[in-house]
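Peer 1: Got a structure for you, questions after.
The values are calculated or read from the model by the stated rules, or taken from the named source; none is laboratory data. Every value quoted in this text rests on a predicted model; they were computed, and no experiment measured them. Every residue, glycine among them, receives a Cβ derived from its backbone with ideal geometry; neighbour counts consider all protein chains shown. For the accessible areas, the whole protein counts, side chains as well, though only heavy atoms, and no ligand, DNA or RNA atoms are used. Shrake-Rupley method; radii C 1.70, N 1.55, O 1.52, S 1.80 Å.
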Amino acid sequence: MTKKHLLITGAGQRIGYALACHFLHQGHQVTLSYRTERPQVADLRARGAHCLQADFSSDEGVYAFIESLDAMHPTFDTVIHNASSWDSETQSQDIATLFDNMMQIHAKTPYLINTAAARWMQQGDIIHLTDYVAQKGSAKHTAYATSKAALENLTLSFAQKFAPHIKVNSISPALIMFNEGDDEAYRDKARRKSILGTVPGEQEVVNACEFILASQHMTGQSIKLDGGRHLI
């Protein structure tokens with residue numbers, strides 16, 4: 001097995017944490033970003049990950065993260081953009097700021113990091129974690145859905161920009177896992193949104209990442225992990 005160096009954003013919990021654990025277990029080198037110190041971050045640090053605190057809610061925060069990476073003089077084989085925010089119009093009365101924040105985290109941050117990655121990568125893969133709603137839209141999370149659609153488009157643009165040495169693809173999930181506070185009524189309703197009715201857990205995204213990394217003939221594509229929602 002060839003040892004890789006992976007950069008994973010937003011790896012302090014849930015899917016990002018699972019990805020970091022998976023690649024560390026395989027013996028790869030992992031550098032990651034996290035926003036909030038959590039027990040999972042301490043665990044990843046103990047496993048050998050290089051953990052960098054970062055706040056992607058402003059340009060200054062993104063540039064500070066990039067400068068920290070530049071100081072390491074890294075050579076990355078893979079960049080996985082997982083950092084995300086699930087804020088919605090129902091949670092904010094300042095919808096203009098909400099829209100800016102969603103675009104900042106889900107579109108501008110990957111845009112700036114990918115641009116910088118041209119000096120950290122000679123070949124390899126960039127993977128964007130988008131969302132099922134990027135294609136469908138969302139009445140309740142309109143700004144979020146719009147920003148994830150922008151990230152899907154960035155996949156197409158960077159795939160062209162970085163070919164043939166760097167492949168750029170997306171993973172578009174829906175209902176991969178529940179939150180601890182989700183009650184059974186919500187869970188039943190959510191399961192019925194797909195024809196498979198499954199909630200597969202983080203490993204489904206890990207498997208999709210491994211598929212992308214193993215492929216030699218795919219770029220500018222989006223893998224849809226939605227349980228067949230589009231068939232309802």
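Peer 1: Report yes if some residue within the range 102-110 is assigned to a helix (DSSP H, G or I) and open to solvent by 40 Å² or more (accessible area, probe 1.4 Å); otherwise report no.
Peer 2: As a first pass, look at the range 102-110 and keep what is assigned to a helix (DSSP H, G or I): 102-110.
With the extra rule that they be open to solvent by 40 Å² or more (accessible area, probe 1.4 Å), the set shrinks to 103, 108.
Yes, that holds for at least one residue.
Peer 1: I'd like to know if the range 185-206 contains one or more residues that are modelled with pLDDT of 95 or more, touching a strand residue (DSSP E or B) at 6+ places or on another chain (Cβ under 9 Å) and buried (at least 18 other Cβ atoms within 10 Å of the Cβ).
Peer 2: yes
Peer 1: Looking only at the range 37-68, which residues are open to solvent by less than 20 Å² (accessible area, probe 1.4 Å), in a loop (DSSP other than H, G, I, E, B) and either over 28 Å from residue 99 (Cα atoms) or of a type in the set (Gly, Ala, Ser) (or both)?
Peer 2: Of everything in the range 37-68, those that are open to solvent by less than 20 Å² (accessible area, probe 1.4 Å), in a loop (DSSP other than H, G, I, E, B) and either over 28 Å from residue 99 (Cα atoms) or of a type in the set (Gly, Ala, Ser) (or both) turn out to be 49, 54.
Peer 1: Does the range 89-101 contain at least one residue that is in contact with a Phe, Trp or Tyr (Cβ under 8 Å, 6 or more places away or on another chain) and either outside any loop (DSSP other than H, G, I, E, B) or among the polar types (S, T, N, Q) (or both)?
Peer 2: Kept after step one, since they are in contact with a Phe, Trp or Tyr (Cβ under 8 Å, 6 or more places away or on another chain), are these residues of the range 89-101: none.
Scanning the range 89-101 turns up no residue that is in contact with a Phe, Trp or Tyr (Cβ under 8 Å, 6 or more places away or on another chain) and either outside any loop (DSSP other than H, G, I, E, B) or among the polar types (S, T, N, Q) (or both).
Peer 1: Kindly state which helices (runs of 4 or more DSSP H) lie completely within the range 115-224 and contain at least 3 residues that are closer than 26 Å to residue 75 by Cβ. Steps first, answer last, please.
Peer 2: Details: elements: 133-136, 142-162, 184-191, 203-214.
Counting at least 3 such residues, we get 142-162, 203-214.
Peer 1: Sort out which residues of the range 69-83 are farther than 9 Å from residue 5 by Cα, in a loop (DSSP other than H, G, I, E, B) and touching a residue at least 40 places away in the same chain (Cβ under 8 Å), and write them in order of number.
Peer 2: Hits for the range 69-83 are 82, 83.
Peer 1: Mind checking which residues of the range 18-49 are in contact (Cβ under 8 Å) with a residue 40 or more places away in the chain, among the hydrophobic types (A, V, I, L, M, F, W, C) and farther than 16 Å from residue 6 by Cβ?
Peer 2: none
Peer 1: Restricting the range 135-155 to residues that are touching a strand residue (DSSP E or B) at 6+ places or on another chain (Cβ under 8 Å) and of a type in the set (A, V, I, L, M), which is surrounded by the most Cβ atoms within 10 Å (Cβ to Cβ)?
Peer 2: Across the range 135-155, the extreme among qualifying residues is 151.
Peer 1: Let me ask something else. Give just the number: which of (1) surrounded by fewer than 19 Cβ atoms within 10 Å (Cβ to Cβ); (2) at pLDDT 95 or above does residue 87 not satisfy?
Peer 2: (2)
Peer 1: Looking at (1) open to solvent by 80 Å² or more (accessible area, probe 1.4 Å); (2) touching a Cys at 6+ places or on another chain (Cβ under 8 Å); (3) among the aliphatic types (A, V, I, L, M), which is the one condition that is false for residue 231?
Peer 2: (2)
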